[in-house]
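Structure first, commentary second.
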Amino acid sequence: MKKHKSSKAMLRKARRNYRAMQSKTAHLVQLSWQSPLAKPTIAIHEAREAHSAPAIFIYKSEFDYLSRCILDYLSEETGGQLYGFYTEKGEYVIVYAIGPGPQANHQITFFNQDKEYLLKVNHVMLKHGLQKIGEWHSHHQLGLNRPSGHDVNSVVSVMRKYQINSHLLCIGNIDHKGRSTENAFTFSKDNDYCTQHAAWKVIDMDSPYRPLIDNDPELAGVLRHPRTQNARHGQNFLVEDNVAKPDFQDGYWLKNKENRLVLKQIVDYLTDLGYTCSVNLDSNGIVHLVVQRSGEGMEIVFGKNFPHEAPLISFPDGSDMIPEWEYNGSIYDSFVRCYNKFAFAINNYNNMYNF
Ligand SMILES: [Zn+2]
């Protein structure tokens with residue numbers, strides 16, 4: 001999907017019907033179930049709602065830091081520690097993460113942190129009022145995105161031995177697209193040491209502790225940082241913010257829970273094509289799916305009469321168009337066919353011009 005000017009030439013441009021319901025200047029409210037990251041995880045939230053997974057707060061800088069550390073080791077385990085504190089309700093707040101020290105032992109199926117490194121870092125963390133609240137290690141591409149039996153046994157025996165009431169273990173993985181995934185598990189004495197898969201609540205800002213500790217003179221020349229410069233996140237289990245849960249109008253397609261899963265499927269489909277997607281709700285209660293790839297972007301606007309009427313494609317320059325849309329009873333199938341026709345038309349047009 002390249003230049004939208006060509007799309008205008010190729011496809012029928014129509015604005016009338018949608019202008020009424022879509023206000024370009026409408027304040028876009030981020031949906032609660034929108035991930036602050038690239039990929040919303042609506043379906044997962046829906047599926048897990050009933051189990052009320054615990055939430056782990058983490059600053060975006062640290063979430064990204066973990067991703068970078070995981071991506072440093074493609075076929076060996078790596079790991080580190082998580083520092084922060086607990087909220088009044090006992091929720092974990094991760095404000096600073098570390099990766100492996102220089103003497104850490106990285107093997108295919110196990111990882112041991114550099115003890116000397118850990119002692120030095122712990123000392124400085126305590127000075128800043130932070131405690132070690134958990135650990136992480138990567139199962140890289142081993143295909144196990146949760147703690148192994150051995151992991152569980154070690155955590156529980158340490159908890160019992162030192163009378164620790166709760167502990168957090170995060171398991172990293174690398175997916176088939178070379179992106180990291182981070183899965184957090186809590187262990188609690190009150191819960192008979194059972195592991196619980198926790199949902200991330202990513203605080204969309206850099207941790208204020210990151211520069212503070214990175215620049216602490218006691219750690220000068222000590223701290224090791226990942227070689228990988230940019231985080232690449234795959235599918236993570238993110239918490240939904242119940243406060244701003246969207247209340248769709250009666251009759252709107254997303255009022256229906258199954259259709260919300262369909263929207264998730266559509267997001268997955270576009271993500272697999274290399275788009276980053278975010279779901280926004282405008283002040284008229286209309287969902288805009290904002291998709292971007294290689295610096296180009298568009299919004300897919302699902303109007304009041306969707307799926308009986310086509311979605312509107314809206315471009316950053318303010319122009320918009322209605323793609324060829326045939327609703328066959330399955331929203332997902334209809335969407336994929338519509339998208340393919342759209343992409344095919346654009347490609348043809350570009351090829352025509354290239355030769
Ligand atoms: Zn493990």
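All of the numbers you see were taken from the coordinates with simple rules; none came from a lab. Note that the structure is a prediction, hence the values are computed from the model and not measured. As a convention, Cβ positions derive from the backbone with ideal geometry for all residues, glycine included, and neighbour counts pool all protein chains shown.
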### Query
Given 0.36 nm per residue, what is the gain on full extension from Asn340 to Asn305 after removing their alpha carbon distance, in nm?
10.4 nm
### Where labels lie 7 Å past Cα in the beta-carbon direction, separation of Asn105 and Lys255 in nm
6.2
### Query
His197 versus Glu218, label points 7 Å from Cα toward the beta carbon: distance in nm?
3.9
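If packing is taken as the average count of other Cβ atoms within 10 Å, what order do 141-148, 55-62 fall into, highest mean first?
55-62, 141-148
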## Note on the structure
Taking Lys and Arg as +1 and Asp and Glu as -1, residues besides Thr78 with C-beta under 15 Å from its C-beta add up to -4
### Task
Using only the C-alpha atoms of the stretch 253-348, find the volume of their convex hull and express it per residue in Å³.
103
### Query
Label point 7 Å out from Ser294 along Cα-to-Cβ: which residues of the stretch 312-345 have amide N under 15 Å?
343-344
### Summary
Given 174-182, 259-267, the highest-first ranking by average Cβ count within 10 Å works out to 259-267, 174-182
### Task
Multiply the residue separation of Thr87 and Gln131 by 0.36 nm, subtract the distance between their alpha-carbon atoms, and state the gained length in nm to one decimal.
14.5 nm
#### Entry: Separation of the Val158 and His123 label points, Cα + 7 Å toward Cβ, nm
2.1
